[in-house]
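Read-outs: derived from the displayed coordinates by stated rules, not from any lab. As the structure is a computational prediction, the values presented were derived from the model and not from experiment. As a convention, Cβ positions derive from the backbone with ideal geometry for all residues, glycine included, and neighbour counts pool all protein chains shown.
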Amino acid sequence: MSIRFQAPRGTRDLLPRDAALWAGIEATARSVFAASGYGEIRTPILEETELFAKGVGESSDIVGKEMYSFPDKSGRSLTLRPENTAGVCRAFIENGMSQYPKPVRLFYIGPQFRYEKPQKGRYRQFHQIGAEYFGSRDPEADVEVLAMLFRFVQRLGLERFSIAINTVGDSDSRSAYRTKLVEYLEPRRGDLSEESQRRLETNPLRILDSKSSKDRHVLAGAPSLADSLNAESKWHFNAVCSFLAALKIPFQVEPRLVRGLDYYTHTVFELTSSSLGAQDAFCGGGAYEDLVARLGGPPTYGVGFAVGLERIASLVPESMAKKLIGTGPLRVSAVGSASRRGEDRQIRAQFLVALETLRSKGIHVVERKRLFPGNPFAAAILGDTSDLEVILGDDELATETICIREVSTGEKHVLSYQDALDFIHSKHDKEDG
Ligand code: HAM
């Protein structure tokens, strides 16, 4: 019996159309982030397990149950990174970037791994585009990051999405609130969902964003996080909100948003779209005031976000996807001389030379051998429309020209390779509107 292999559960292959769309989204990110002075960083996919335990937090779901951790051959525990913020902070410290002029602005693109139950929009290997800003604790830092994210999402033409923001305050405000919340919830423990009863021990703040109706009922009377904020934390959040308003970035304050990673302080945010279904967040982020210090670096305010590529790719409108994929709505098929037989080595060589010349001029062309019976000289210019046809017949091969026929009108243009290139591009631009 033959064995059939499958991609591991929760992983998938990215085929050429999607890979081209992703490349377009990544190129958009690079250009948008460059405008704000962000430089790319690529950290290892493997990190020491301890980094995430310390960084993301023992009480988070990620560290508690979702990590791909294993001992390597020397017995050291390594983990496939479940997110990139901890790794970027590690690299920031290790490479002495804390000595660089502040702020330091970094972005990353790459795979992340979480052992979660796969469902629509949720994978075990998924991909993020993210950015981290280090070094200034002004509210402008949070706003710069949010504004850049908004610009990115707009450039991709996303239509229906919302930006929810909240503050969890600094660590003093956060722990003061934690105490109050536990005091309120403890006597009502029996009314909470099982998950939240567990979280009461490990991470009570997470109970706030529980979707269970039982929990929501109990939480209705809970003390509010906003009331526990100290003056500094309140001032910071109010400034963030007013700057966002000045920039005309639409957002809602969502008092129960706390996010699932332990490192956040001050501003947290999430971008969601109702078109995504249950896994509706395509981006999450926030500030982390204590993380760099907790990982052994000098106290450094950080703020950043990560966009889920799988999720954002599914939100890019079709017209924008076509533009990003690049080859656009243009398909040109090329037909060679029908009068020649495939055994004519000289003509075949000439045909190869013609194709390579077109490619070197930037025309995307593939040979489609034996598209017509007995005719080895058919080729197609990559793309996806049917209104242009390229003919590489005897005359064209002899004169180093190419004949372009407009299928709708039958009109023919015999052009040099360079002129053909210009002609194809002008058609392309016109169809793109
Ligand atoms: P996160 O909210 O855990 O934050 O992930 C960010 C985004 O990654 C999510 O909004 C979602 O779009 C995507 N994502 C997460 N898990 C999966 C999955 N299993 N399958 C598909 N997509 C997924 C972070 O990772 C933080 N490091 C963000 C950050 C950066 N905070 C500050 N700086």
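Brief remarks follow.
- Radius of gyration and Dmax over the Cα atoms of region 206-334, both given in Å: 19.7, 71
- Once the Cα atoms are used to define both axes, helix 85-94 deviates from the longest principal axis of the chain by about 90 degrees.
- Ranked by how many other Cβ atoms sit within 10 Å of their own Cβ, fewest first, the residues 283, 241, 89 fall in the order 241, 283, 89.
- Mean Cβ count within 10 Å, highest first, over the residues of peptides 12-21, 162-171, 194-203: 162-171, 194-203, 12-21
- Unit charges on C-beta of K, R, D, E only; dipole of region 249-323, Debye: 200 debye
- Cα-Cα separations in the chain greater than 35 Å, expressed as whole percent: 44 percent
- Ranking of 70, 269 by count of other Cβ atoms within 10 Å, fewest first: 70, 269
- Computed helical MRE - 222 nm, the chain, DSSP H runs ≥ 4 contributing -39500 (n - 2.57), nearest 500: -11000 deg cm²/dmol
- Folded to 0 to 90 degrees: helix 231-246 orientation relative to the chain principal axis, Cα: 30 degrees
- Proxy reagent accessibility, fewest Cβ within 10 Å first, across 291, 219: 219, 291
- Helix 171-185 axis, angle to the chain major axis (alpha carbon atoms, nearest 10°): 70 degrees
- Its relative contact order, with pairs defined as Cα atoms under 8 Å and 6+ residues apart, puts the chain at 15 percent.
- Which listed pairs, of 211/234; 323/427; 65/120; 54/102, have C-alpha distances above 18 Å, in listed order: 211/234; 65/120; 54/102
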